[in-house]
Amino acid sequence: MTAACFADFSARVNLALVVDHSGRAGNAFFLSLFDQHPEVVSCPWMHYVYSYATHLFDGQDEIPAREALRVWPRQQYFALIYAEPNPQREALIRKMGSDPAARIDRHAVRRAFHGVLKEKRTITRRELILATYFAYLTGLGRDPARARYILLSDAISLRTESVFGGYSGKILDLAKADFPEAVFIHLVRDPRAGFASTNHQFINQLGNMYGVHWGNALSRLRRCLRLDFDWDSVFVFGFWLMYFRQTHAAITRKRAQYTRQFMMVKNEDLNLDFLRTMRQISTHLGIAWFDDWDAGQDFTPTMLGMPWLGTGAYNNAYSPQSRLENDSPDQARRSAGPNRHVTERWKSRLAPREILLIETFLWPEFGMYGYQTRHDARPGLWQWLGALLPPLRGELPAPRWVLAGWKQGFRVFLDRVFFSAVWPAYYLLARYAFLRVVFGTKVFGDDDGTREKNSAQ
C-alpha cells in the first residue's frame, strides 16, 4: 500500500523551492503561510533540505538506500519529525518560534519513510526528498492524494563556498534536474532591513563586532590580516556586506538562467498587502484559495497546526540578547503575522552612516527590486569612507554593557573587560582589511550582479 501511494504521490507533485538570497526575507514566515494548505506540503520545521542532501551525500544523484536510511534521519531538521523528542530537539523547535507539543505521529513517519526505502538498493535524490515529505504527510494524517506541491526553503550559498569566490547557486541546478517544472520563489526584502537583521543577530551571537574574547585575540588578529572573512566573522558589518553582494550576484545569474521558473515575492508585500499577494501566489502556482487567508492582516501563521510565535534576529528565543537590544517579548509575538513593524524596524536599528554604507555597497539591489534609496545617487568614495570611519552601532564597549556582564557570570564579565582593552586594534585593523577587500578583490564589482563567477564555480 505504501509503495502504491508513494508512486502516485511522486508522479503528481511538483517542487516549489523558496530561495531567500539574503537569508533574511522571511523564509520561515513564508513556509508557515502554507502550513495547513491541503494542496501544499510545507514543513516549517525543515530547512535547507537540498543543502543537506548535497553535503551529506557528496552531491550524488544516486544514493545507496541503506546509507540514506542510516544518515538522513540524523539530519537535524528531519530528526525533528522522525525521531522522538529530546531536550535538544525541543530547544530547536522553540527557537523556531514553534511548539514541541505540535501533534505528529513520528512512528508513522518512520514507518512510511522506511516503507519507501527498504525494498530499494539505491534511491535518487529526488526520491529521497519526496520520501521525506510523503512520510511527513503520513505523520500528520493528511491525504497525500491531495498534494500538488512540496514547499521547501533553501539558501543560494553553500557553506563549502567562499564569499570571495562567490556562490554557484548549485542548489537550483539540482532542483531543476530533479523537478524539471520546479517553481523558484525568490523572496526579496529591502536590503537595509535584511542587513540590519543579520548584523544584529551576529553581533549578539559573537558577543561583539569582531567575535573577540580573551582566548582568541591573537588568532582573530591573524585572520583579519589574512582577510579570513566568513560566517564566524572577524568584522560582522563588513562580512555581511560582502555576503549580501555575492548572494545577489548569484541569484541574479540564476534568475537569468531559469527566467520562466522564477517568481519574485517581496516581504513587504506579504506584510502590508497580504490578501492581494497571496492571491497572486496561489494563482501562479495554480492552487486553490485557502479560506484562512481571508483573515488578511489578522491571519495567524502556523507550524504543524500550532500558532507560530515568530522568530528572527530581534527575538530573544531565536537570538538571545547580548550587545544589542532585542524586541520585547510582546512586540516579538505581535510580529509573527503580517505586520508593518517588521518592514520599518530597520529605520530605528541603523544609524544614517550605516544606511549610507549599505546603499553604497548593495546599490544594485535597490534598483533591481524597486526599493527607494535615501541618496539620489550612489555615494562617492569620500562619502562612504567618511561613513566607515566612525564607530558602528554595537561596535564599542559601552560601560553599561561591560558591567551587565557580571550578572551573566565571571567569564562573560572577563571577556567584556578584555574587549574594552583591545578593541582599538581591531577597530583599525577591521577597516584596513575591509578596504583591502573593496580595492583588492572583485567582491564589490561595479556590475549588476550578472558577472560570471570565478574559478570557485
In percent, how large is the relative contact order of the chain, given Cα pairs closer than 8 Å and 6 or more residues apart?
-> 22 percent
Starting with the highest mean, order 408-416, 46-54 by the number of other Cβ atoms within 10 Å, averaged over the residues of each peptide.
-> 46-54, 408-416
May I ask you to list the residues of the stretch 146-172 whose amide nitrogen lies under 17 Å from a point 7 Å from Cα along the Cα→beta-carbon direction of Asp230?
-> 157-168
Distance in nm between label sites at His375 and Ser348, each 7 Å beyond Cα in the beta-carbon direction?
-> 2.6 nm
Estimated inter-spin distance, Gln257 and Gln60, nm [label 7 Å along Cα→Cβ] = 2.4 nm
Gyration tensor verdict on the stretch 178-306 (Cα atoms; rounded if a/c is under 1.5, prolate if a/b is larger than b/c, oblate otherwise) | prolate
Relative contact order of the stretch 144-224, defined on C-alpha pairs under 8 angstrom at six or more residues apart (%) | 13 percent
How high is the FRET efficiency between Ala288 and Arg12 when r is their beta carbon distance and R₀ equals 25 Å, given to the nearest 0.05?
-> 0.95
Centroid-to-centroid separation of the stretch 1-77 and the stretch 250-304 [C-alpha atoms, Å] | 19 Å
Hydrodynamic radius (Kirkwood) for the stretch 1-78, which is based on Cα pairs only, to one decimal in Å | 14.7 Å
How far is it, in nm, from the label point at Glu67 to the one at Arg222 when both lie 7 Å from their Cα along the line to the Cβ?
-> 3.5 nm
As straight-line cross-link partners of Lys442, the qualifying lysines (C-alpha separation under 17 Å, not fewer than 8 residues apart within one chain) are Lys453
What's the FRET efficiency of Gln280 with Asp143 using the Cβ-Cβ distance as r and R₀ = 35 Å, to the nearest 0.05?
-> 0.85
Taking the stretch 281-389 and dividing mean pair separation by its residue count, relative contact order in percent (alpha carbons under 8 Å, at least six apart) = 18 percent
Decide, for the stretch 238-332, between rounded, prolate and oblate: order the square roots of the alpha carbon gyration tensor eigenvalues as a ≥ b ≥ c, take rounded if a/c falls under 1.5, and otherwise choose prolate if a/b is larger than b/c, else oblate.
-> oblate
Among 187-196, 107-116, 67-76, 150-159, how do they line up from the highest to the lowest mean number of other beta-carbon atoms within 10 Å?
-> 187-196, 150-159, 107-116, 67-76
Cα-based shape type of the stretch 297-438, given that a ≥ b ≥ c are square roots of the gyration tensor eigenvalues and the cut on a/c is 1.5 | oblate
Indicate, rounded to the nearest 5 percent, the antiparallel portion of the DSSP beta bridges found entirely in the chain.
-> 20 percent
Label point 7 Å out from Arg121 along Cα-to-Cβ: which residues of the stretch 45-77 have amide N under 12 Å?
-> 64-65
How big is the equivalent ellipsoid of the chain along its three axes, where each semi-axis is √(5λ) from the Cα gyration tensor, reported in whole Å from largest to smallest?
-> 38, 24, 23
Would you compute, from DSSP H runs of 4+ residues alone, the mean residue ellipticity of the chain at 222 nm, taking -39500 (n - 2.57) per run and dividing by the full residue count, rounded to the nearest 500?
-> -14500 deg cm²/dmol
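Coordinate-derived values only; no laboratory data. Only a predicted model underlies this, so the values are computations on that prediction, with no experimental measurement involved. A quick note on method: Cβ atoms are made from the backbone with ideal geometry, for glycine too, and the neighbour counts reach across all protein chains shown.
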